[in-house]
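Written out below as structure tokens is the structure these notes cover.
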Ligand SMILES: Cc1cc2nc3c(=O)[nH]c(=O)nc-3n(C[C@H](O)[C@H](O)[C@H](O)COP(=O)(O)OP(=O)(O)OC[C@H]3O[C@@H](n4cnc5c(N)ncnc54)[C@H](O)[C@@H]3O)c2cc1C
Ligand code: SF4
């Protein structure tokens, strides 16, 4: 065998798996579709689309992917280190109520088991309370107090190196996390650039912790390598003789289709990547026994991205850590103050004036009325709010998430506008395109600071909300009739096949999900014996 385990994808689930498996003595190969980035190669602004967006077919080889579906616009990462390169480093433990909802209920004593796995993940990722309150965080704090929810305001817990109390920004220190085994780190300068990748080595991305340690212990990472097929070896229907894994270059890297053999595979390609791959493997007959529940109960974390733009703002609202603070608007609705770094204004192209109303044509007319009214009342301010330049410096993005249940389905299908290729498509009941109480809150904040309340243009024109937190589709459950993996992340019907990424999450978390993905993967890996005791020896 070329490897004991092949891990598909190097994001949160993939990096935790690679580290724990190498630690147990397994030979591990990690196949990653995205590129490897360094502090020096990361772009300085997202106007450099070629180095920001991932669309290798048209020459864009960045680390940020944005995929439009009928029901939702999905943003996700694609790099060595997965979503950690572009994420906003906020790592929160969700409320215990999540274990009382969804198909994982009763599969384990989650309340008793999970705290220790969360604790391990928090330590490995170097999570601390944010010490840098930027202007956007102070605005959110004042607004939360005025809303009567000041007691729920909190500074986020972030995977960022801030150094000992009193350490100045930008100081380089030897590895502070792993007793000298990890790389040296530099203290955070609060530039707000986390979602553009940290160019200061302050953000604790996976290539600085889990994946770094895995590589140090011998894991081989194949960047720009996309897995396209996984088949049981020697015709054994349940994979007990191992697997062959086929890859192709995902960029213009030289080399063609390659074949690797291994004993087991960890699918960790993110909810979208794993769903796309598993659907193809099931339909092509490579892994026909995958549960028919595949693609059901895909969750968007009930999100809405709104904000306030203050044209000509005296304060630079982009300063701070990408998500510096949050509060609870009500029992179900959680709002975080988010920002892009000054100069990275490309996302401003998706922003427009905030509009309520029913989806469809009526909402578009309402939006035109709101736009006209705003232009009449504040012509200069509105025009300055709508052009993208200066957007990051002048905007407070409000990331709203709800714990309320709601899901869609994903299937492979042919879009009417391009019937030549089967791609993932969303179906099912529509997701609400805005959270009314969150919109009201944005309006109040705008009024208080003299800004314009904003939302995403896709919500209004196409009835499509955006999310950076797509979850589910390979739900964890008690049997193949109700889910795709068991409570230890093992794919029903096969030996040594695991799914360890956002696709196994069985409930809307209501907080950012990466910590829970890590904790669940830590748990799954804890059941795998040391290599010397593996079943194939
Ligand atoms: C802008 C932004 C900000 C975010 N901020 C936060 C935050 O503050 N906190 C938080 O908790 N979450 C945040 N998220 C979400 C977070 O990034 C994801 O939830 C998380 O990365 C999912 O982890 P994962 O293990 O499921 O997969 P990922 O981390 O997405 O990794 C999957 C990897 O698999 C690779 N891959 C896919 N298909 C294949 C294939 N066929 N072959 C080989 N490789 C493949 C992909 O390239 C990718 O690198 C943010 C996301 C975005 C886009
Ligand atoms: S705020 Fe700037 S320095 Fe700090 S972690 Fe984010 S990108 Fe790095």
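The values are calculated or read from the model by the stated rules, or taken from the named source; none is laboratory data. Keep in mind that what you see is a predicted model, and the values were worked out from it rather than measured. Positions of Cβ are backbone-derived with ideal geometry, glycine not excepted, and every protein chain shown enters the neighbour counts.
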Legend entry - Odd one out for residue 200 among (1) away from ligand 2 (no atom under 16 Å from the Cβ); (2) over 21 Å from the mean Cα position of the chain (by Cα); (3) crowded, with 17+ Cβ neighbours inside 10 Å: (1)
Inset, instruction - Say whether the condition of being crowded, with 21+ Cβ neighbours inside 10 Å, within 30 Å of residue 477 (Cα to Cα) and in contact with a helix residue (DSSP H, G or I) (Cβ under 8 Å, 6 or more places away or on another chain) is met by at least one residue in region 133-140. - result: no
Legend entry - Residue match in region 113-130 (condition: away from ligand 1 (no atom under 15 Å from the Cβ), more than 30 Å from residue 448 (Cβ to Cβ), over 22 Å from the mean Cα position of the chain (by Cα) and surrounded by fewer than 18 Cβ atoms within 10 Å (Cβ to Cβ)): yes
Inset, instruction - Select from region 27-45 the residues that are outside any strand (DSSP E or B) and surrounded by fewer than 24 Cβ atoms within 10 Å (Cβ to Cβ) and list them in ascending order. - result: 27, 36, 37, 38, 39, 40, 41, 42, 43, 44, 45
Inset, instruction - Considering each residue of region 314-328, count those that are surrounded by fewer than 22 Cβ atoms within 10 Å (Cβ to Cβ) and in a loop (DSSP other than H, G, I, E, B), and give that number. - result: 4
Inset, instruction - Output yes when any residue across region 206-220 is touching a helix residue (DSSP H, G or I) at 6+ places or on another chain (Cβ under 6 Å), under 29 Å from residue 298 (Cβ atoms) and at pLDDT below 95, and no when none is. - result: no
Inset, instruction - Take region 177-195 and flag every residue that is away from ligand 1 (no atom under 14 Å from the Cβ) and either under 30 Å from residue 391 (Cβ atoms) or in contact (Cβ under 8 Å) with a residue 24 or more places away in the chain (or both). - result: 177, 178, 181, 182, 183, 185, 186, 187, 188, 189, 190, 191
Legend entry - Unmet criterion (only one of (1) assigned to a loop (DSSP other than H, G, I, E, B); (2) surrounded by fewer than 22 Cβ atoms within 10 Å (Cβ to Cβ); (3) at pLDDT below 95) for residue 439: (1)
Inset, instruction - Check whether at least one residue in region 47-54 is farther than 25 Å from residue 388 by Cα, within 21 Å of the chain's Cα centre (by Cα) and away from ligand 2 (no atom under 16 Å from the Cβ), and report yes or no. - result: no
Inset, instruction - Of the numbered conditions (1) free of Cβ contacts under 8 Å to residues at least 24 places away in the same chain; (2) touching a strand residue (DSSP E or B) at 6+ places or on another chain (Cβ under 9 Å), residue 417 fails exactly one; give the number of that condition. - result: (2)
Inset, instruction - Would you confirm whether any residue within region 515-535 is touching a helix residue (DSSP H, G or I) at 6+ places or on another chain (Cβ under 7 Å), closer than 30 Å to residue 3 by Cβ and within 16 Å of ligand 2 (Cβ to nearest atom)? - result: no
Legend entry - Qualifying positions in region 141-157 - in contact with a helix residue (DSSP H, G or I) (Cβ under 6 Å, 6 or more places away or on another chain) and buried (at least 17 other Cβ atoms within 10 Å of the Cβ): 143, 144, 153
Inset, instruction - Take the residues in region 196-224 that are within 18 Å of residue 17 (Cα to Cα) and part of a strand (DSSP E or B), then tell me which one is farthest from ligand 1 (Cβ to nearest atom). - result: 220
Inset, instruction - Scan region 241-256 for residues that are within 11 Å of ligand 1 (Cβ to nearest atom), farther than 13 Å from residue 223 by Cα and free of Cβ contacts under 8 Å to residues at least 60 places away in the same chain and jot them down. - result: 246
Inset, instruction - List the number of the failed condition for residue 259; all other conditions in (1) part of a strand (DSSP E or B); (2) within 16 Å of ligand 1 (Cβ to nearest atom); (3) in contact with a helix residue (DSSP H, G or I) (Cβ under 7 Å, 6 or more places away or on another chain) hold. - result: (3)
